Amino acid sequence: MDETTTGQPPGVPPDEELIAKTKDDRRVLFRPIRPDDKDDLRAGFERLSPRSRYLRFFRVIDHLSEEQLRYLTEVDYRDHFAWVAFAIDEPGAPGIGVSRWIRLEDEPTAAEGAVTVVDDWQHRGVGKTLLWLAARSAIERGVKHFRVWALGENLAALELLKDLGAIPG
């Protein structure tokens, strides 16, 4: 069996959850993404403003295709890992954010990283927690550094990366 350094078989989500409070005292559940999160991911995407979609995908995008939803939720937890965040005190506990990293094929100790938080939950610490969880899971799997792409106009992302010690490239 091909297992990660964590002893977890590829394709099986780690049995891990974290409940944390935001800066304004709202509870959020964080856990690894699962294939059955497609509807939550779709609904979360629909809660993103057109501007947030553009800043995340670097182009105008109005929906996620079934193929994109499969790619984003059916991860191997070894070379592609994602965390999701849910607002557990809101009706239906909607998805409010996701972070992910994907190992670079030509540089196995590096991964591309990304974080997205729905507009009405931004600036509350959800993105920073998602990024921390992504980094921790990547380190556990042998990733030494992230490559993150952000548009120059995405000042919030650039400021977060600067605060975390990112080196502009």
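The values are calculated or read from the model by the stated rules, or taken from the named source; none is laboratory data. Given the structure is predicted, the values throughout are model-derived calculations rather than measurements. Cβ coordinates were reconstructed from backbone atoms using ideal geometry, including for glycine residues, and neighbour counts include every protein chain displayed. Remember, those area values only see protein heavy atoms, side chains included, never the ligands or the DNA or RNA. Shrake-Rupley method; radii C 1.70, N 1.55, O 1.52, S 1.80 Å.
Surface analysis of the stretch 66-108 yields an accessible area of 46 Å² per residue, using protein heavy atoms and a 1.4 Å probe. Once you mark the trypsin sites (Lys or Arg not before Pro) that are in a DSSP loop and have at most 11 other Cβ atoms within 10 Å, what is the longest gap between them in the chain? Looking at the chain, 60-143 is the longest stretch - no exposed trypsin sites (Lys or Arg not before Pro) with at most 11 other Cβ atoms within 10 Å.
Using a 1.4 Å probe on the protein heavy atoms, what percent of the accessible area of the stretch 71-129 belongs to carbon and sulfur?
Carbon-and-sulfur percentage of accessible area, whole number: 51.
Dividing the summed -39500 (n - 2.57) terms of all DSSP H runs of n ≥ 4 by the residue count of the chain sets its mean residue ellipticity at 222 nm at -8500 deg cm²/dmol. Histogrammed with a bin width of 10 Å, the alpha carbon distances of the stretch 92-169 distribute as 18, 50, 28, 5, 0 percent, first bin at zero.
Using 0.36 nm times the number of residues separating Ile139 and Ile61, minus their current alpha carbon distance, what extension gain do you get?
Taking 0.36 nm per residue and subtracting the Cα distance, the gain is 24.9 nm.
Other residues whose C-beta falls under 13 angstrom from the C-beta of Glu159 contribute a net charge of 0, scoring Lys and Arg +1 and Asp and Glu -1.
Here Trp83 sits with roughly 0 square angstrom of accessible surface, probe radius 1.4 Å. Among Ile88, Ile33, Ile19, the order of accessible area from largest down is Ile19, Ile88, Ile33, computed with a 1.4 Å probe on protein heavy atoms.
Using only the heavy atoms of the protein chains and a 1.4 Å probe, how would Glu159, Glu67 rank by accessible area, largest first? Please list the in-between numbers first.
Numbers: Glu159 90, Glu67 130 Å².
Solvent-accessible surface, decreasing: Glu67, Glu159.
Each listed q (0.12, 0.19 Å⁻¹) maps to a log10 I(q)/I(0) for the chain, found by the Debye formula over equal Cα scatterers with no solvent: -0.52, -1.40.
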